Amino acid sequence: MEILQSAAALQAQTEIWRQNNLRIGLVPTMGALHEGHLQLVRAAAQDNDVVVVSIFVNPTQFNNAEDFRLYPRLPEADAELLGPAGCTALFMPSVEQIYPQPTVLRFDFGPLERVMEGEHRPGHFHGVATVVSKLFHLSRPHRAYFGQKDLQQVAIIRQLVADLSFDLELVAYPTIREADGLAMSSRNRRLSPEARAVAPRLYQGLALGASLVAEQGLTPEAVQQAVEQFLAAEPGIELEYFAIADSRTLQPITGSWPAGSLVALCLAAQVGGVRLIDNVLVSLPERS
């Protein structure tokens, strides 16, 4: 595994690979790697000839300076995990390599970013789209791999790929969970033992919501209330939002259940001062 730290070095390497007709897989990360990331790397290694993994804690997608400061950074431990997982080149740039000058261009994804994470973290998806666009240009991948835990991010990047005609395939993999249901996340490292004991209740709330949605015995509004009450019963959880949405448009589902659709249940919450997100998908049957 080669470690590259400059944008020019990555561009030169990917140009050589392209000239040799090698297929390139890209796994963008912010480091502090866990099994969810490694699943993406292994999938990329299976699907492609070479794999680029980027580790870059992107300042432009944080709207909370303290969150950016505290984000786990474990470059040596991450590098040890990546080689055995199938990484060919690890790209670990400085901020100056990615942003040699401040960006002026502004991304706006319309209704996709007016809800959930976009509503609660203004500017977040502008930062995501900016850095992902740069990584796409630098690594020129045939396929790019993302985790479904960041459901809204995947939808945003899918729109980015379509609107800017990036010549690549976007691949999303299901969320990897701990044995007690907690979605794997780099932020889990920051949970105190007390908060870690409480955190699985987030998934329990989503599972409750999913069962109620599948039964379709309650309205979306009633399901929302039931899940919010379930989570409110745990004082260690400060719910930021719980949304019931169309998985494609991310717009809220209200009134009645749309037959044949894929429903996304999404939440964000503070647990012991650490912000966690999670989601589950529920497929509704077609009307007979």
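Can you pull out the residues in segment 54-102 that are out of contact with any Ser or Thr (no Cβ under 8 Å at 6 or more places or on another chain) and among the β-branched types (Val, Ile, Thr)?
VAL57, THR88, VAL95, ILE98
Any residue that is within 23 Å of ARG158 (Cβ to Cβ) and either surrounded by fewer than 18 Cβ atoms within 10 Å (Cβ to Cβ) or of a type outside the set (Gly, Ala, Ser) (or both) - is there at least one of those in segment 74-97?
Yes: one or more hits.
Please tell me if THR29 is among the polar types (S, T, N, Q) and open to solvent by less than 10 Å² (accessible area, probe 1.4 Å).
no
Considering segment 91-103 alone, what residues qualify as being of a type in the set (A, V, I, L, M) and closer than 17 Å to VAL128 by Cβ?
Residues satisfying the conditions are VAL95, ILE98.
Looking only at strands (runs of 3 or more DSSP E) that lie completely in segment 1-77, which have at least 3 residues being among the β-branched types (Val, Ile, Thr)?
24-29, 50-55
Only one of (1) open to solvent by 30 Å² or more (accessible area, probe 1.4 Å); (2) under 13 Å from LEU151 (Cα atoms); (3) not in a strand (DSSP E or B) fails for ILE277. Which number is that?
Status for ILE277: all satisfied but (3).
If a residue has to be among the hydrophobic types (A, V, I, L, M, F, W, C) and without any contact (Cβ under 8 Å) to a residue 24 or more places away in the chain to count, how many in segment 107-129 make the cut?
The number of residues fulfilling the criteria is 0.
Which of the residues belonging to segment 47-79 are of a type outside the set (A, V, I, L, M, F, W, C), within 16 Å of PHE125 (Cα to Cα) and in contact with a helix residue (DSSP H, G or I) (Cβ under 7 Å, 6 or more places away or on another chain)?
Scanning segment 47-79 gives ASN58, PRO59, THR60, GLN61, ASN63.
So that you can scan it fast, the table gives a plain yes or no per residue for (1) under 23 Å from SER185 (Cβ atoms); (2) free of Cβ contacts under 8 Å to residues at least 12 places away in the same chain; (3) among the small types (Gly, Ala, Ser):
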position: GLU228; (1), (2), (3): yes, no, no
position: GLU234; (1), (2), (3): yes, no, no
position: GLN251; (1), (2), (3): no, no, no
position: SER261; (1), (2), (3): no, no, yes
position: ALA268; (1), (2), (3): yes, no, yes
position: VAL274; (1), (2), (3): yes, no, no
position: ASP278; (1), (2), (3): yes, no, no
position: VAL282; (1), (2), (3): yes, no, no
position: ARG287; (1), (2), (3): no, no, no
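Out of the residues in segment 234-272 that are under 19 Å from GLY205 (Cα atoms) and aromatic (Phe, Trp, Tyr), which is least open to solvent (accessible area, probe 1.4 Å)?
Per the criteria, the residue is PHE242.
The values are calculated or read from the model by the stated rules, or taken from the named source; none is laboratory data. Keep in mind it's a predicted model, so treat the numbers as computed, not measured. Because the Cβ atoms are built from the backbone with ideal geometry, glycine has one as well, and the counts that use them run over all protein chains shown. Only protein heavy atoms, including side chains, enter the accessible area calculation; ligands, DNA and RNA are left aside. Shrake-Rupley method; radii C 1.70, N 1.55, O 1.52, S 1.80 Å.
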